[in-house]
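Quick notes on the structure that follows.
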Amino acid sequence: MPYLEAAAGNPSTACCDGVRNIKAITPTTADRQAACECVKSAAAKYPNINQDAASSLPGKFGAPLNIPTSKNTNCANIN
């Protein structure tokens, strides 16, 4: 959370592992939609999340996500 709220420094190793795990455990459309809803729900609990920092996470780890990182995403539209 420190990286997502301040967008400074580098995310932790645990954060990196988490981003990589999301991609690994969401092979189907239903999995990606469920993960999207989970991420949105978690993000709603942290109003100070910097959207640019959240969007940059996958690139920082070389692990592109197969779900959007925006709090405003309509998860039903994910394929």
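Here are a few things to note about the model shown:
- Nearest-0.05 FRET efficiency for Arg20 and Ala43, computed from C-beta distance (R0 22 Å): 0.75
- Per residue, the chain reaches -17000 deg cm²/dmol at 222 nm when only DSSP H runs of four or more residues are counted, each adding -39500 (n - 2.57).
- Whole-percent carbon and sulfur share, accessible surface of region 14-79, 1.4 Å: 54
- Each principal axis of the Cα cloud of the chain was taken in turn, and the coordinate range along them, longest first, works out to 33, 25, 15 Å.
- Nearby lysines by direct alpha-carbon distance to Lys71 (threshold 19 angstrom, same-chain neighbours under 8 apart not counted): Lys23, Lys40, Lys45
The values are calculated or read from the model by the stated rules, or taken from the named source; none is laboratory data. Only a predicted model underlies this, so the values are computations on that prediction, with no experimental measurement involved. All Cβ positions, glycine included, derive from the backbone under ideal geometry; neighbour counts span all protein chains shown. When the accessible area is computed, the model is the full protein with side chains, heavy atoms only, and any ligands, DNA or RNA have been set aside. Shrake-Rupley method; radii C 1.70, N 1.55, O 1.52, S 1.80 Å.
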